[in-house]
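Colleague: Structure incoming, see below.
The values are calculated or read from the model by the stated rules, or taken from the named source; none is laboratory data. Only a predicted model underlies this, so the values are computations on that prediction, with no experimental measurement involved. Quick reminder, even Gly has a Cβ in these numbers, built from the backbone with ideal geometry, and neighbours come from all protein chains shown. Keep in mind that these areas ignore ligands, DNA and RNA; they rest on the heavy atoms of the full protein, side chains included. Shrake-Rupley method; radii C 1.70, N 1.55, O 1.52, S 1.80 Å.
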Amino acid sequence: MTPAVGVDPGEHAALERVWRDRTGLWGWLTSTEHKSIGKRYIITAFVFFLLGGLNAGLMRAQLARPENGLIGPDRYNQLFTVHGTTMMFLFAVPIMTAMGLYFVPLMVGARNVAFPRLNAYGYWVYLIGGTFLYVQLLLNTGPDTGWFSYVPLAGPGFSPGKRVDTWAQTVTFTEIAALVGAVELIVTIFKNRAPGMSLNRMPLFVWAMLVMAFMILFAMPWVASATLFLAMDRLIGTHLFNPAEGGDALLWQHLFWFFGHPEVYIIFVPALGMVSEIVSTFTRRPVFGYPAMVLSLITTGFLSFSLWVHHMFVTGIPELGSSFFTAASFMIAIPTGIQIFCWIATIWAGRPRLTVPFLFILGFVVTFMIGGFSGVMIASVPYDQQAHDTYFIVAHLHYVLLGGGVFPLFGAFYFWYPKITGRLLSERLGRWHFALWFIGVNLTFFPMHLLGLRGMPRRVYTYLPETGWGPLNLLATIGAVIVVLSVVLFLVNVALSRWKGSEAGENPWDAPTLEWGTTSPPPSYNFAYVPVVEGRSALWDRSPDHPVVTGLRTDMREVLVTTLLDAEPDHRHRHPQSTVWPLLTALSTGVLFITLVYTPWGLVIGIVPLTISFIGWGWPTERDHQEQLREEAAA
Amino acid sequence: MRTGRTLIDVSRLPTATFGPRDMMWWGTAGFIMIEGTTLFICAATYFYLRLNFGTWPPQHTLRPSLLWPTVQVVLMALSNGPNLLLQRAARALDLNGVRRWVLLEAILCVVFVALRWQEFLSLNVRWDANAYGSIAWATVGLHATLLVLQALETLVFTTFLFSDRIEEKHFSDAYDSAFYWYFMTGSWVVLYVVVFLGPRFM
Ligand code: HEM
Ligand SMILES: [Cu+2]
């Protein structure tokens, strides 16, 4: 790795020596560097997107014509369950967290995340959980009760066997990973910002990540409790959801949706942050109405917690309740409307460059609007009672999730790929990718609105010719084929550009945020001198002889900790070494959780390795490492 | 270093701080929020399930006994005294004080875990008897899990504190573990009222 422009080579060598990972496989397994973890996190989540897509492709193939015999009912149940679970728990939330874990430290001018070992642990736990789900699917024992596994269907009475336990435990793994990631992001943002980056100068993406992290903190425990209770009902015979013994089936729905609705916004809020960064960069002006943008993000976060009941309109909740939740569901359109208005104002005033990231943002606005319209429709109780459990819902949820999540995400990939790899993605392939993706998505999901209106229920593995649903289903399947083509193009682009893409340099887009102020890819220590921020658009606003921080040690890992509000330098913090304990602890966690699927004794079996790895992790050994390093340096 | 630019020299800044200035404190606060929310959900579920029954506890179910749970909750409440002293000693960088109070904490942790066993028995209902038993066990059990983890951590930390490798930042760690202690004991006071006293007036 060569030092960035203006960095003293001696200093670079010193920093590189203390910050870089060991080489080879061992280095990879023990890495606690946020970029290394972030990169594999992003790739893993994307692989799960491809796997989830594969499930979807199989479902679309089966539904292409009436009475198709490709996939039977049992397999189909597993496919939609694993598809939904993958997309929500193994792809959407993790990839948003992962983007944060990679970019937030760079955007706030830090050397790493706040707790690097915890960060590695989160990744490994997530990987184990996801792998477990797919092993079960391949063994034909995948979960089959839908991505929200309602009881009593998912209870011990109607779902014997281990399928639902697999589902519950997979979700538990992802909860842990998400919670760990959230704590990571919050503390990094609160305490590791570069001097001068007061809260009101934070990039909007960082704000979005902060809001997302808090939402995870308060939403995930609900699904964690739900899955824990479900596992207990199934494994040790508790009756939390069993009406015969005073338990309550509706309790499941409350617990699940108190998480499930915010979940959608956990995916959507970071996407909003991505849109803001991209709009700002390609119009070359700060986003109009910064305070309004920040307030909208925060309001969205809050409001999303008051909406869960709109998923339960058909359960016979009281009328007044329904009206309240209908009103609340309309209200959440307001902060989103404000943000869209601010972006339009920014684009209006600037001169937008129609690069591929920008195209995906335009695609996001169109697609998400359609999802918003159908959302407003089903927010009204009488309509929802008609559309409930039909393909209208499937259409709506995909417009919202793909429009509000995946479009911005692809934009973000094109935008940040050069920072991660040092090379730009091809714009020409990118345009094709965008065009096919946009057409494919709409062709797949728009017909589903009509299918829903014509009465096609969701989660059916086939239908009769007389229903007349055949042509629209065929259309949707053709759309899915186009989606597949577009994603293949994207993969080709990623692979080709990795070797042949044009060199990016530090800041190919002339973007304003700090991550563009270091080499691409950034060195192990991110910034040779911790930058000092002089305005909201860090790189655009900085003076020619901008100040920097000196005095952090270069003979050991040391980071600067700043104050929460104004990011004034406060103290220095010794940063832990890379270690294998997070991996071992994650493996022990895996043993515990997976044996628990099969027997309550898993608790006893699993506790031993977990305790050992806990001790190994907790035992402070840093000083030995530091001394070793110093001795090496002296020799 | 290039010349002509302003340099902000941080080499004189301290390497250990306490409370909200410190990163670890915020990490602890984050986990307290997560665990607090989870315990809150248990309590909410407890009240929610109450609505499904005419009487609470349900018919043919004994009320919880109060002796051991009350001993536990009083001990936990009292333990906050030494806990405060631990925080003071940590701030004063008083190694002997920290050792003394952390050792006491470790002992208390073991006592708490042992008493927790008694508390399960004091519920006087099996987890698989009815939904009442299930949620009572779930609530006490969840807090027990946190308690066991805390005990483990405290034991490791105590052993370490008696080694000769103490640095300034470990005082901050001691301070944070005391901070977590307030949460553990405080949340238990609330849950004790819900689970053990609740059945007497709900
Ligand atoms: C882009 C290609 C995709 C295709 C072709 C696709 C296709 C489908 C189909 C056909 C179903 C309905 C199955 C049924 O009810 O019988 C479905 C359900 C679902 N999809 Fe997708 N999907 C795609 C992407 C996504 C993404 C990106 C997400 C989330 C981020 C997602 C989340 C879901 C969820 C949550 C369900 C409900 C599962 C359930 O009913 O339990 N999908 N998808
Ligand atoms: Cu919702």
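Colleague: Can you name every residue in segment A:272-307 that is within 16 Å of ligand 2 (Cβ to nearest atom) and among the small types (G, A, S)?
Modeller: A:G301, A:S304, A:S306
Colleague: So which residues in segment A:284-308 are open to solvent by 10 Å² or more (accessible area, probe 1.4 Å) and in a helix (DSSP H, G or I)? Outline the logic, then answer.
Modeller: Pass one, segment A:284-308, residues open to solvent by 10 Å² or more (accessible area, probe 1.4 Å): A:284-292, A:294-295, A:298-299, A:302-303, A:305-306, A:308.
A:Y290, A:P291, A:A292, A:V294, A:L295, A:I298, A:T299, A:F302, A:L303, A:F305, A:S306, A:W308, listed by residue number.
Colleague: Given the conditions (1) part of a helix (DSSP H, G or I); (2) farther than 28 Å from A:P66 by Cβ, report the number of the one that A:L425 does not fulfil.
Modeller: (1)
Colleague: Does A:A64 count as more than 25 Å from A:A528 (Cβ to Cβ) and buried (at least 21 other Cβ atoms within 10 Å of the Cβ)?
Modeller: In short, no.
Colleague: Kindly indicate which of B:A178, B:A144 is more than 27 Å from A:R574 (Cβ to Cβ), under 17 Å from the mean Cα position of the chain (by Cα) and more than 10 Å from chain A (Cβ to nearest Cβ).
Modeller: The match here is B:A144.
Colleague: Here's another thing I want to ask about it. If a residue has to be open to solvent by 10 Å² or more (accessible area, probe 1.4 Å) and within 11 Å of another protein chain (Cβ to nearest Cβ) to count, how many in segment A:566-575 make the cut?
Modeller: 6
Colleague: Looking at segment A:238-269, which of its residues are more than 16 Å from ligand 1 (Cβ to nearest atom), in contact (Cβ under 8 Å) with a residue 24 or more places away in the chain and in contact with a Phe, Trp or Tyr (Cβ under 8 Å, 6 or more places away or on another chain)?
Modeller: A:F241, A:A249, A:H254, A:L255, A:F258
Colleague: Would you confirm whether or not segment A:507-525 contains a residue that is surrounded by 20 or more Cβ atoms within 10 Å (Cβ to Cβ), of a type in the set (A, V, I, L, M), closer than 30 Å to A:L424 by Cβ and within 14 Å of chain B (Cβ to nearest Cβ)?
Modeller: no
Colleague: Let me ask something else. Just to confirm my filter: which helices (runs of 4 or more DSSP H) fall fully inside segment A:311-401 and include at least 3 residues that are within 16 Å of ligand 1 (Cβ to nearest atom)?
Modeller: Per the criteria, A:356-378, A:391-401.
Colleague: Could you give every pair whose Cβ atoms fall below 6 Å, whose first residue belongs to segment A:141-165 and is touching a residue at least 60 places away in the same chain (Cβ under 8 Å) and more than 16 Å from ligand 1 (Cβ to nearest atom), and whose second residue is open to solvent by less than 40 Å² (accessible area, probe 1.4 Å) and part of a loop (DSSP other than H, G, I, E, B), counting only separations of at least 6 or pairs across chains?
Modeller: Matching pairs, first to second residue: A:G155/A:F241.
Colleague: Does B:L49 qualify as being touching a helix residue (DSSP H, G or I) at 6+ places or on another chain (Cβ under 7 Å) and touching a residue at least 24 places away in the same chain (Cβ under 8 Å)?
Modeller: Yes.
Colleague: Does A:V82 satisfy the criteria of being of a type in the set (A, V, I, L, M), without any contact (Cβ under 8 Å) to a residue 12 or more places away in the chain and over 30 Å from A:V559 (Cα atoms)? Let's see the steps before the verdict.
Modeller: On the way: of a type in the set (A, V, I, L, M): yes; without any contact (Cβ under 8 Å) to a residue 12 or more places away in the chain: no; over 30 Å from A:V559 (Cα atoms): yes.
Criteria not met by A:V82.
Colleague: Sticking with this one: Restrict the check to segment A:386-398 and report whether at least one residue is more than 14 Å from every other protein chain (Cβ to nearest Cβ), open to solvent by 30 Å² or more (accessible area, probe 1.4 Å), more than 20 Å from A:S276 (Cα to Cα) and more than 16 Å from ligand 2 (Cβ to nearest atom).
Modeller: Yes, segment A:386-398 contains at least one residue that is more than 14 Å from every other protein chain (Cβ to nearest Cβ), open to solvent by 30 Å² or more (accessible area, probe 1.4 Å), more than 20 Å from A:S276 (Cα to Cα) and more than 16 Å from ligand 2 (Cβ to nearest atom).
Colleague: From the list A:A114, A:A110, A:A120, pick out the single residue that is assigned to a loop (DSSP other than H, G, I, E, B), under 19 Å from A:I216 (Cβ atoms), of a type in the set (G, A, S) and open to solvent by less than 30 Å² (accessible area, probe 1.4 Å).
Modeller: A:A114
Colleague: Listed residues A:P203, A:P243, A:P195, A:P270; which is open to solvent by less than 20 Å² (accessible area, probe 1.4 Å), within 14 Å of another protein chain (Cβ to nearest Cβ) and not charged (D, E, K, R)?
Modeller: Numbers: A:P203 fails: within 14 Å of another protein chain (Cβ to nearest Cβ); A:P243 fails: open to solvent by less than 20 Å² (accessible area, probe 1.4 Å); A:P270 fails: within 14 Å of another protein chain (Cβ to nearest Cβ).
It is A:P195.
Colleague: Over 30 Å from A:L475 (Cβ atoms), part of a helix (DSSP H, G or I), open to solvent by less than 30 Å² (accessible area, probe 1.4 Å) and not small (G, A, S) - does that describe any residue in segment A:75-94?
Modeller: Checked against the condition, which is being over 30 Å from A:L475 (Cβ atoms), part of a helix (DSSP H, G or I), open to solvent by less than 30 Å² (accessible area, probe 1.4 Å) and not small (G, A, S), segment A:75-94 yields at least one hit.
Colleague: Okay, moving on. Quick one: which helices (runs of 4 or more DSSP H) lie wholly within segment B:111-202 and hold at least 2 residues that are crowded, with 20+ Cβ neighbours inside 10 Å and in contact with a His (Cβ under 7 Å, 6 or more places away or on another chain)?
Modeller: Once the helices (runs of 4 or more DSSP H) in segment B:111-202 are filtered for at least 2 residues that are crowded, with 20+ Cβ neighbours inside 10 Å and in contact with a His (Cβ under 7 Å, 6 or more places away or on another chain), what remains is B:131-161, B:168-192.
Colleague: Out of segment A:355-372, which residues are over 9 Å from A:G403 (Cα atoms) and touching a residue at least 12 places away in the same chain (Cβ under 8 Å)?
Modeller: A:T355, A:V356, A:P357, A:F358, A:L359, A:F360, A:I361, A:G372
Colleague: Residue by residue through segment B:27-49, note down the ones that are open to solvent by 40 Å² or more (accessible area, probe 1.4 Å), facing chain A (nearest Cβ under 7 Å) and over 16 Å from the mean Cα position of the chain (by Cα).
Modeller: Selection gives B:Y48 alone.
Colleague: For A:F438, work out the one condition from (1) more than 18 Å from A:I278 (Cβ to Cβ); (2) of a type in the set (A, V, I, L, M, F, W, C); (3) open to solvent by 40 Å² or more (accessible area, probe 1.4 Å) it doesn't fulfil.
Modeller: Only one criterion is unmet by A:F438, namely (1).
Colleague: In this structure, is A:G53 within 16 Å of ligand 2 (Cβ to nearest atom), surrounded by 18 or more Cβ atoms within 10 Å (Cβ to Cβ) and at pLDDT 95 or above?
Modeller: no
Colleague: Another question about this same structure. Residues of segment A:211-232 being open to solvent by 10 Å² or more (accessible area, probe 1.4 Å) and within 12 Å of chain B (Cβ to nearest Cβ), which ones?
Modeller: Listed by number, the residues that qualify are A:F214, A:F218, A:W222, A:A224, A:L228, A:A231, A:M232.
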